[in-house]
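To start, the structure itself, in structure tokens.
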Amino acid sequence: MGENSERKAWMGLLARAPADDLDRLWRATGLVPEHERLRAPEVGAVMVRGRAGAEGAAFNLGEMVVTRCAVRLGDGRVGHGHVQGRGKAHAEQAALIDALMQGGEAVRVREGVLDPLARAEAARRDERAGKAAATKVDFFTLVRGED
């Protein structure tokens, strides 16, 4: 996995993570890096686009509220956070984690924050799949033999 795809994966995980889970795990790491806000957490909207059948012409589906933040650590590393909704603390924590993942703290952050979030996300996905499977209906057709 390349550097960009790894970063894309952790940024997506941080964006999808429940804010309370991220906050609890982040605080447990005890990491409080010196940083400045390049872009204070700000709430805005983005246009969500869709495609009929994943192949048709793109169309505007609607707007979604997002919060973004950018930080620079004392050593110059820059981190970005984009999250759905109005979670300013969530966006800033995501930006700090993004910056820390680009340096020597990456292992500690991965073990303390990202891995537990990934396991929780997988458990939620498995639970949803299990509930969906429980409602599955198998249809079959009886074929009469020829007389």
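The values are calculated or read from the model by the stated rules, or taken from the named source; none is laboratory data. Quantities reported herein were computed from a predicted structural model and do not represent experimental measurements. Neighbour counts run over all protein chains shown; Cβ positions are idealised from the backbone, glycine included. To get the accessible areas, we keep the full protein, side chains included, count just its heavy atoms, and leave off ligands, DNA and RNA. Shrake-Rupley method; radii C 1.70, N 1.55, O 1.52, S 1.80 Å.
The residues of segment 74-92 that are open to solvent by less than 10 Å² (accessible area, probe 1.4 Å) and aliphatic (A, V, I, L, M), listed by number, are Val83, Ala91.
What do you reckon, is Arg77 at pLDDT 95 or above, among the basic types (Lys, Arg) and either over 17 Å from the mean Cα position of the chain (by Cα) or closer than 24 Å to Asn4 by Cβ (or both)? Write out each step before concluding.
Numbers: at pLDDT 95 or above: yes; among the basic types (Lys, Arg): yes; either over 17 Å from the mean Cα position of the chain (by Cα) or closer than 24 Å to Asn4 by Cβ (or both): yes.
Judged against the criteria, Arg77 is a match.
Taken over segment 7-39, the criterion of being of a type in the set (A, V, I, L, M, F, W, C) and surrounded by fewer than 13 Cβ atoms within 10 Å (Cβ to Cβ) is satisfied by Ala28, Val32.
For segment 40-49, the tally of residues that are hydrophobic (A, V, I, L, M, F, W, C), under 20 Å from Val71 (Cβ atoms) and either open to solvent by 70 Å² or more (accessible area, probe 1.4 Å) or in contact with a Lys or Arg (Cβ under 6 Å, 6 or more places away or on another chain) (or both) stands at 1. The single condition among (1) loosely packed, with under 12 Cβ neighbours inside 10 Å; (2) among the acidic types (Asp, Glu); (3) under 20 Å from Thr29 (Cβ atoms) that Glu55 does not meet is (3). Test of understanding: among Arg124, Arg86, which residue is assigned to a loop (DSSP other than H, G, I, E, B), out of contact with any helix residue (DSSP H, G or I) (no Cβ under 7 Å at 6 or more places or on another chain) and under 16 Å from Arg16 (Cα atoms)? Only one candidate qualifies: Arg86. Contact list please: Cβ distance under 9 Å, first residue in segment 97-123 and more than 14 Å from Gly12 (Cα to Cα) and of a type in the set (Ser, Thr, Tyr), second residue open to solvent by 10 Å² or more (accessible area, probe 1.4 Å) and outside any helix (DSSP H, G or I), pairs at least six apart or on different chains. Hits for this filter: zero, empty list.
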